[in-house]
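**Student:** Submitted below is the structure of interest, expressed as structure tokens.
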Amino acid sequence: MTRDEMIREYRMRGASWPALVGVYAIILGTMVLSAMAITG
């Protein structure tokens, strides 16, 4: 399941703000962790 599919799923379910914020927080957290793993 790609990031776009995840976002589409949430939108189709009429996602509330907390749900969307949660998805974006997970995506951002993953990107930050990968960046730290690459540079570290």
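**Student:** May I ask you to list pairs of residues, at least six apart or on different chains, whose Cβ atoms are under 8 Å apart, with the first in region 13-40 being without any contact (Cβ under 8 Å) to a residue 60 or more places away in the chain and the second being hydroxyl-bearing (S, T, Y)?
**Tutor:** If the second residue must be hydroxyl-bearing (S, T, Y), the pairs left are A19/Y10; L20/Y10; V23/Y10.
**Student:** Ok, one more. Give the residue that is surrounded by the most Cβ atoms within 10 Å (Cβ to Cβ), with candidates limited to residues of region 1-12 that are touching a residue at least 12 places away in the same chain (Cβ under 8 Å) and either of a type in the set (A, V, I, L, M, F, W, C) or in contact with a strand residue (DSSP E or B) (Cβ under 9 Å, 6 or more places away or on another chain) (or both). Write out each step before concluding.
**Tutor:** Start the filter on region 1-12 by keeping residues that are touching a residue at least 12 places away in the same chain (Cβ under 8 Å), which leaves 3, 6-7, 10.
Those still in the list that are either of a type in the set (A, V, I, L, M, F, W, C) or in contact with a strand residue (DSSP E or B) (Cβ under 9 Å, 6 or more places away or on another chain) (or both) too: 6-7.
Working: M6: 13, I7: 15.
Among residues in region 1-12 that are touching a residue at least 12 places away in the same chain (Cβ under 8 Å) and either of a type in the set (A, V, I, L, M, F, W, C) or in contact with a strand residue (DSSP E or B) (Cβ under 9 Å, 6 or more places away or on another chain) (or both), the one surrounded by the most Cβ atoms within 10 Å (Cβ to Cβ) is I7.
**Student:** Follow-up question, since we're still on this one. Please determine, by comparing only the residues of the chain that are at pLDDT below 80 and of a type in the set (S, T, Y), which one is farthest from the chain's Cα centre (by Cα).
**Tutor:** Here the answer is S16.
**Student:** Just the residues that are β-branched (V, I, T) and either surrounded by 12 or more Cβ atoms within 10 Å (Cβ to Cβ) or in a loop (DSSP other than H, G, I, E, B) (or both), please, taken from region 13-40.
**Tutor:** Hits for region 13-40 are V23, I26, I27.
The values are calculated or read from the model by the stated rules, or taken from the named source; none is laboratory data. The structure presented is a predicted model; accordingly, all values stated were derived computationally and were not measured. Because the Cβ atoms are built from the backbone with ideal geometry, glycine has one as well, and the counts that use them run over all protein chains shown.
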